[in-house]
């Protein structure tokens, strides 16, 4: 079926203006948040109801047309990059909050609802949706499910997978799956966990029931400056060792601190090698005690400066700098490339000095922000796409960082997903037999590989061609050979 | 220890070659759970495809034991699946940490592998999360005997599908767990147990109302007109919450929660309810480190996992409520009731309440103990089973006859 025939078929089940086929209409869909990768889809479909999603998928299934689902398009790994011969299925029009149940503390929403909109709707009841990815103003809950999104509070409050109860999922052949339930568990295999973070490879989510969390009475943050990144890393370990699970614990290196301070004037210490933000939330009494303990631990860990936020305005100002790290990178450099490796926290200093060495090797600056509580590192590689070859250098630099994360016992992606971006690094993180299991899972849902083909899990052939070195349990194959 | 893995892999390949069922077993403390276990060499009522039913082998994984890696400041422990839960928890306790999902042991031999394979969680589940929420990674053998690792030892990891959580609660039907990495949490600085006299409907109302407030409630239990609530956290928070909630502080709270977790509480023994077991609820209830006897003959124990706000369920037998209303235990005299009528009434009540019901303990035939799956869900589940275990050798029928 050619694209005109397919568009005509889709217009039999969708309103005419919900099927886009002209190049200029397709243009806004050519990339997601990872704009280095661009591709026009053949057709964009914009269903407004679950029934329309089912119909679109049935047509695509029957005509063997690839389907790429898209939420708000804020993803950072190219997971929603269109397929040149496929339908880009936008869920943006399914944006109704179907029900807030304050008594049961749940919200039933369509996939196109923005993450923050759920918390806003729940606010009158003293409740909120806990996972708060930095894009929460714009990103959709459907996309959060596809990527298993986290945020700065996930050490204490969990990721998407910990905060959803139930999904309605449409399979490629148009069948409806009800996954999970209204209780705290469901019979059979945990398909709720399997669907979460599956990057649009297994099904299309049309409804999400999320858990809502009571808004803590109070939150307060301690900002501590360190003259040595190792000391900052130890301070994090000391907080955990004291039995404290902070609501958020974030670290920024010097170059980041300087870049954001110029931008938001948060009052950071510009001489510090690292700034640590450590938040406590809970009842007023609890927070007062915990903040005192955190301050004492920072002091003992060698902080050169310690400030606790005195009021809500100051707390937000302290956080504003951390939250502005990405836009600040955009101010100091024409382009930046955000990485997402996770490492055991104890390896932080080693990995950061490794990144520094790579930075001089490639002649590219790198800002480091770190979800210190859970080991998730976001190096922002600064480059200029207008300089020939610099994007390729930045990508090579990034790939080296991910290899380092795997060697440190970590992973290539903590929360952004594999998408198209890290597909080759998957060959390094997993053995062929493990990738085969991933392909088998895919085949259990979508044997013809029509959903988001070419993403998330590399074909074994691709790994062979890529020639990636598999680093398993911290051991490289052929460790005797030098690597640069 | 590699030799043990090689032995397991050989056993798997041999069983696959002969289409023989393989029953994965750790401490054997949860043999009662799931569809009836086929005993070695003795065919039972569960059949699966073309298996030669006379050939059923037990794959004993208890010997693959020990902590592989534990970094308290990383909040992660990795241990072999044969590690006894008691040993694991003792190690964590030394460093002021715990398995926050409070897995029931049901006997001193309980292992980490069995804990994850059954995916069961205890009283703290409603506030802290379930077993699956704490699983970060697994090392396992699939139906071909391949040694595979998924997830890892870090808190956040979205590389590849979440096989680690898929394995959790899969009843050993997808593979043999070798090692599991778990997130651990600090033990609370203070715990306090409160008791309130209430009717069931009031208790359900109170538990849900309180859960919507930022209160440090870590467990709830309603039984026999008494609502018991545990507060956990920093001392000032626990004190403030007590002042706000009221209720009588009881002594022996630790023993009470242990008796709920391990089902040694009189309710689970199927004895007559009412006021006579009050003393037991308190400080005399500690049987935690003894073997669980299971409930007395001819009692069926049902577990209903439902929407927490569901009004009191009208069903025969006696009920105990946990998890803020989301878990309802029901104990029924199996002898003097129509088993089929009860089964369908219980299943219907759970479905109507947005959840599911399983026959948790029974001396009856124990077939179809888990809530039936919708056909579309069963289709996907069967596909997954076929991919992980092409010859259908792992615990056939233990979860559903079809998988």
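The values are calculated or read from the model by the stated rules, or taken from the named source; none is laboratory data. All values derive from a computational prediction rather than experimental measurement. Please note: Cβ atoms are built from the backbone with ideal geometry, for glycine as well, and neighbour counts cover all protein chains shown.
Annotations
- Of all the listed residues (B:372, B:316, B:401), the sole one being under 29 Å from residue A:176 (Cβ atoms) and either at pLDDT below 95 or away from chain A (no Cβ under 14 Å) (or both) is B:401.
- Residue in segment A:187-207 that is under 27 Å from residue A:446 (Cβ atoms) and out of contact with any helix residue (DSSP H, G or I) (no Cβ under 8 Å at 6 or more places or on another chain) present: yes
- Checked against the criteria, residue B:380 does not count as at pLDDT below 95, buried (at least 22 other Cβ atoms within 10 Å of the Cβ) and within 14 Å of chain A (Cβ to nearest Cβ).
- For residue A:246, the conditions (1) buried (at least 18 other Cβ atoms within 10 Å of the Cβ); (2) in contact with a helix residue (DSSP H, G or I) (Cβ under 6 Å, 6 or more places away or on another chain) are fulfilled apart from (2).
- Residue in segment B:214-233 that is buried (at least 22 other Cβ atoms within 10 Å of the Cβ), part of a helix (DSSP H, G or I) and either within 11 Å of chain A (Cβ to nearest Cβ) or at pLDDT 95 or above (or both) present: no
- Of the residues making up segment B:189-213, those that are out of contact with any helix residue (DSSP H, G or I) (no Cβ under 8 Å at 6 or more places or on another chain) and at the interface with another protein chain (Cβ under 10 Å from one of its Cβ atoms) are B:205, B:209, B:213.
- Total residues in segment A:403-417, condition at the interface with chain B (Cβ under 10 Å from one of its Cβ atoms) and not in a loop (DSSP other than H, G, I, E, B): 3
- Residues being in contact with a helix residue (DSSP H, G or I) (Cβ under 6 Å, 6 or more places away or on another chain) and at pLDDT below 95 - total across segment A:150-186: 0
- Considering segment A:251-287, the residues that are within 14 Å of chain B (Cβ to nearest Cβ) and assigned to a strand (DSSP E or B) include one that is farthest from residue A:314 (Cα to Cα), namely A:282.
- Check on residue A:420, assigned to a helix (DSSP H, G or I) and within 26 Å of residue A:192 (Cα to Cα): no
- Under the condition of being within 23 Å of the chain's Cα centre (by Cα) and either in a helix (DSSP H, G or I) or over 20 Å from residue B:388 (Cβ atoms) (or both), the residues counted in segment B:154-190 number 13.
- Any chance residue B:185 is in contact with a strand residue (DSSP E or B) (Cβ under 7 Å, 6 or more places away or on another chain) and either closer than 20 Å to residue A:376 by Cα or away from chain A (no Cβ under 11 Å) (or both): yes
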